[in-house]
Amino acid sequence: MSEQVNEKELIAYIAERIKVERKDIELVLRYEKGYIGNAKADKNGEVDIDIDDLTDFIMSKRDVQLEEPQVEEILECEMDYFMEKGLAGYID
């Protein structure tokens, strides 16, 4: 995650929008961070993350006790937060 992102603010943002425990949100975000950290950048230095692959990766972790739709919802809320802050966008 970018240094511009306040992780506590991000978790609060997600927790306000969906009914998931903060510890579960933190766990999903931690696994997401690891996944993105291992992703390969293209020739332009951009990393294209497939949300389905990312969700499958997170769901494969034994300590993730959430259902797949909840994980997807956390990731979507995170993207909404980044877009509102002007830190991310979707690539068509």
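The values are calculated or read from the model by the stated rules, or taken from the named source; none is laboratory data. For clarity, every value in this text was computed on a predicted model and none was experimentally measured. Neighbour counts run over all protein chains shown; Cβ positions are idealised from the backbone, glycine included. Keep in mind that these areas ignore ligands, DNA and RNA; they rest on the heavy atoms of the full protein, side chains included. Shrake-Rupley method; radii C 1.70, N 1.55, O 1.52, S 1.80 Å.
What residue, among those in region 61-87 that are open to solvent by 80 Å² or more (accessible area, probe 1.4 Å) and of a type outside the set (D, E, K, R), is farthest from the chain's Cα centre (by Cα)?
The residue in question is GLN65.
What pairs come out if I take residues in region 15-40 that are hydroxyl-bearing (Ser, Thr, Tyr) and pair them with residues that are in a helix (DSSP H, G or I) whose C-beta lies under 6 Å away, six or more apart or interchain?
Taking only residues 6 or more apart or on different chains, the pairs are TYR31/ILE58; TYR35/LEU54; TYR35/PHE57.
Quick one: which of ALA15, ALA39 is under 15 Å from CYS77 (Cα atoms) and of a type in the set (Gly, Ala, Ser)?
Answer to the check: ALA15.
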